[in-house]
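A short write-up of the structure that comes next.
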């Protein structure tokens, strides 16, 4: 079945960092894959309404092997090895990344971005991997900080708010799914229950047709964003049992895959970028694993395999990522939220391969994931 993207409207009845501006000593940088867009804000609208009745059936059909990946020795040995350093990226208040500086300056001047709170998902993942309840607590605190900034309509009043909210909603939904799948949610049921209604209205705001239309130009230039927003919507639908949101996510993913280059990469500014290609793969593999219907899984497996083959072609035998030709990272083309030149993301590349090892049950990807994680990458 081929899905046409109709831009679902949610109608009645029916996702170590330097500080911005204020701190003199920057905190450690966070996980190094992040988004960028021309400055744009989707104007606030009326509060989101309950989801419409779905136009077709949806039932998640994946095996949930992403949870096995999060608990794997692969992550214990690599990105979750220094768990304490990850936990230290969360302030007592819950602020993360550049939001720490914004908050430290009593919220006067500078920018904040709700997407910075998405690194809560990494902290929670490390907590599950290392059986560290204190880390899960810290990650939930970071998500709670994010939801405290939410407007009545479900949006987050920061710059580039559609992209930023997509990252945060994807992270929040994945964190909740992981905790519920691994059994850790029992110890945090009250806090998760408090967040779910806020997650719902955030996803509903992303699904409003006018908001999608406002963000479409940026998504068409940076097509990895279709995978990001699609997963954010579908994963929220998965954890909330909301078919309308899940189907809106499926449609968004379908549009993104329709823009995949014949050689396998996802278009970024008229070309390719290994970092954002890998990031898209992370979201697509998560989608395939636990948020897509059976029919959609059959439709998207071949595009995912092509995307993985292309990513493998950009990684040499020692695990070094080949950056020549990147349109967005590795050569100072863009700056990240800290103002620093955007670096190539070994985290995204290794995570994409690691997920593929578990989600697609192909052991060759574990060697690739470990090689990338342990290699000295281009700066």
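The values are calculated or read from the model by the stated rules, or taken from the named source; none is laboratory data. In this text the structure is predicted, and so the values were computed from the model without any measurement. Using ideal geometry, Cβ is built from the backbone for each residue, glycine included, and neighbour counts are taken over all protein chains shown.
Among the residues making up region 217-242, those that are surrounded by fewer than 20 Cβ atoms within 10 Å (Cβ to Cβ) and under 21 Å from residue 203 (Cβ atoms) are 218, 240, 241. When region 239-271 is filtered for residues that are over 17 Å from the mean Cα position of the chain (by Cα) and closer than 21 Å to residue 354 by Cβ, the ones remaining, listed by number, are 264, 265. Residue selection: residue 100 satisfies the criterion of being surrounded by 24 or more Cβ atoms within 10 Å (Cβ to Cβ) and over 18 Å from the mean Cα position of the chain (by Cα).
Selection of region 103-142 for residues being more than 21 Å from residue 82 (Cα to Cα) and crowded, with 24+ Cβ neighbours inside 10 Å yields 112, 113, 114, 115. Filtering region 243-262 to residues that are farther than 18 Å from residue 303 by Cα and crowded, with 24+ Cβ neighbours inside 10 Å leaves 245, 246, 247, 248.
Here residue 118 fulfils each of the conditions (1) over 24 Å from residue 225 (Cβ atoms); (2) modelled with pLDDT of 95 or more apart from (1).
Residue-by-condition table, conditions (1) part of a helix (DSSP H, G or I); (2) within 21 Å of residue 194 (Cβ to Cβ); (3) at pLDDT 95 or above:
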position: 110; (1), (2), (3): no, no, no
position: 128; (1), (2), (3): yes, yes, yes
position: 134; (1), (2), (3): yes, yes, yes
position: 144; (1), (2), (3): yes, yes, yes
position: 154; (1), (2), (3): no, yes, yes
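In region 187-244, which helices (runs of 4 or more DSSP H) lie fully inside it and hold 1 or more residues that are under 21 Å from residue 141 (Cβ atoms)?
In region 187-244, 189-207, 224-240 are the helices (runs of 4 or more DSSP H) which contain 1 or more residues that are under 21 Å from residue 141 (Cβ atoms).
Condition check for residue 77 on (1) under 20 Å from the mean Cα position of the chain (by Cα); (2) exposed (fewer than 15 other Cβ atoms within 10 Å of the Cβ); (3) modelled with pLDDT of 85 or more: one failure, at (1). None of 154, 125, 94 is touching a helix residue (DSSP H, G or I) at 6+ places or on another chain (Cβ under 9 Å) and within 20 Å of residue 348 (Cα to Cα) except 125. Figure legend. Inter-residue proximity from region 172-199: first residues on the phi > 0 side of the Ramachandran plot and surrounded by 23 or more Cβ atoms within 10 Å (Cβ to Cβ), second residues at pLDDT below 95 and assigned to a helix (DSSP H, G or I), beta-carbon distance below 9 Å, spacing 6+ or different chains. No pairs are indicated.
The set of residues in region 53-74 that are closer than 17 Å to residue 239 by Cα and modelled with pLDDT under 95 comprises 54, 57, 58, 59, 60, 61, 62, 63.
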